[in-house]
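The next block holds one structure in the form of structure tokens; read it before the comments.
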Amino acid sequence: MSSVEIFINGQFYPKADAKISVYDHGLLYGDGVFEGMRAYSGNVFRLAAHLDRLYESAKAIMLTIPMSREEMADAVRETLKHNSLSDAYIRLVVTRGAGSLGIDPTRTSNPQVIIIADHIELYPKELYENGLEIITAATIRNHPAALSPRIKSLNYLNNVMAKLEGKRAGCLEALMLNHRGEVAECTGDNIFILRRGKLITPPIDAGILEGITRNAVIELAQAAGMEVQEIPFTRYDIYVADECFLTGSAAEVIPVIKLDDRPIGDGTVGATTRQLSQAFHELVRKP
Ligand code: PXG
């Protein structure tokens, strides 16, 4: 694979030389924010929505991003161009910067802006055809009063722990419940179920990340005449659902055929899931 060059604070560095300080609070405390997005045929899918979320996440943690939104959008496109990539996964990271060894974020200087454009394959291709099996993790999603799940922060340890639970149970993704025991989302993907012809997904106040893929799929479903409900539900509703799928920038739309060893519907990929997945792939390639 050709060598990737990484954007750090306005300059490009070969992957092996792309480094930041070990005193950076992003490393020491997970103090920073990030975005994961995709480019299709040279266009970054919903770049403006990703930048809205990035700047809002930063505002929520009182981190001032040292670039305007326009400069950031240009930097993202420049990173793709610099690496001659038209279909890619883009990871944008803003850390609090290097400081003292104490937590105090006011003693840091120079937030670091890092943009990586590379390829990602989250799940093997056959799982998009055959569907994923997931389990419910015992680790719950962050309590919204502790750290809002709406902030896409570098502090992903609760999702990492849930992912590990999934892996140890032989699953590539895990379902996370919220502090009320309702379905929230998976470790890096939002969740949808289809039941009696209605598409259902947890509301934002269930304590989830407002996924950009989620929002695109809701729009596609509504445009296709489906009824979409953003309402709280529990695992029971997944056990008795007709179909289930996950959405995310990295995962795109991936079917789920089993939760906690119970087949969902007839245990195969459903027609609506296929329809929405296809509609999503058409949407992202629209100029
Ligand atoms: N929920 C969470 C907790 C996420 O981190 C999504 C939903 C989907 O959001 P978008 O906007 O992408 O539709 C995410 C984002 C990974 C990985 O390796 C996944 C994400 C971010 C970083 C890494 O699985 N997903």
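Taking the condition of being within 16 Å of residue 132 (Cα to Cα) and in contact with a strand residue (DSSP E or B) (Cβ under 7 Å, 6 or more places away or on another chain), how many residues in the range 274-287 meet it?
At the first step, the residues of the range 274-287 found to be within 16 Å of residue 132 (Cα to Cα) are 274, 277.
Subsequent filtering for residues that are in contact with a strand residue (DSSP E or B) (Cβ under 7 Å, 6 or more places away or on another chain) retains 277.
Number of matching residues: 1.
Just name the residue that is farthest from residue 156 (Cα to Cα) out of those in the range 192-213 that are open to solvent by less than 10 Å² (accessible area, probe 1.4 Å) and near the ligand (Cβ under 9 Å from one of its atoms).
Step one: filter the range 192-213 for residues open to solvent by less than 10 Å² (accessible area, probe 1.4 Å), giving 192-193, 199, 201-202, 206-208, 211, 213.
Then drop every residue that is not near the ligand (Cβ under 9 Å from one of its atoms), which leaves 208, 211, 213.
On the way: 208: 13, 211: 16, 213: 19 Å.
For the range 192-213, the residue satisfying everything is 213.
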Taking the conditions exactly as written (touching a helix residue (DSSP H, G or I) at 6+ places or on another chain (Cβ under 9 Å), away from the ligand (no atom under 16 Å from the Cβ) and outside the structural domain of residue 252 (by TED's automatic domain parsing)), does residue 96 satisfy them or not? yes
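Among the candidates 221, 216, 251, 184, which residue alone is among the hydrophobic types (A, V, I, L, M, F, W, C), over 18 Å from the mean Cα position of the chain (by Cα) and open to solvent by less than 10 Å² (accessible area, probe 1.4 Å)? Please lay out each step first, then the result.
Details: 216 fails: over 18 Å from the mean Cα position of the chain (by Cα); 251 fails: over 18 Å from the mean Cα position of the chain (by Cα); 184 fails: over 18 Å from the mean Cα position of the chain (by Cα).
Going through 221, 216, 251, 184 in turn, the sole match is 221.
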Go through the range 9-40 and give me each residue that's open to solvent by 10 Å² or more (accessible area, probe 1.4 Å), closer than 15 Å to residue 113 by Cβ and touching a strand residue (DSSP E or B) at 6+ places or on another chain (Cβ under 6 Å). 9, 12, 13, 18, 20, 21, 26, 34
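Can you tell which of 164, 147, 132, 157 is touching a residue at least 40 places away in the same chain (Cβ under 8 Å) and surrounded by fewer than 19 Cβ atoms within 10 Å (Cβ to Cβ)? Even if it seems obvious, please write down each step before you answer.
Numbers: 164 fails: touching a residue at least 40 places away in the same chain (Cβ under 8 Å); 147 fails: touching a residue at least 40 places away in the same chain (Cβ under 8 Å); 132 fails: surrounded by fewer than 19 Cβ atoms within 10 Å (Cβ to Cβ).
None of the other options fit; the residue is 157.
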Verdict on residue 176 being within 11 Å of the ligand (Cβ to nearest atom) and outside the structural domain of residue 49 (by TED's automatic domain parsing): yes
Anything in the range 90-108 that is among the polar types (S, T, N, Q) and either closer than 12 Å to residue 26 by Cα or under 22 Å from the mean Cα position of the chain (by Cα) (or both)? List them, or say none. 95, 108
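The values are calculated or read from the model by the stated rules, or taken from the named source; none is laboratory data. It should be emphasised that the depicted structure is a prediction, and the values quoted were computed from it without experimental measurement. Every residue, glycine as well, gets a Cβ built from its backbone with ideal geometry; the counts of neighbours run over all protein chains shown. The area values use the complete protein model at the heavy-atom level, side chains included, leaving out ligands, DNA and RNA. Shrake-Rupley method; radii C 1.70, N 1.55, O 1.52, S 1.80 Å.
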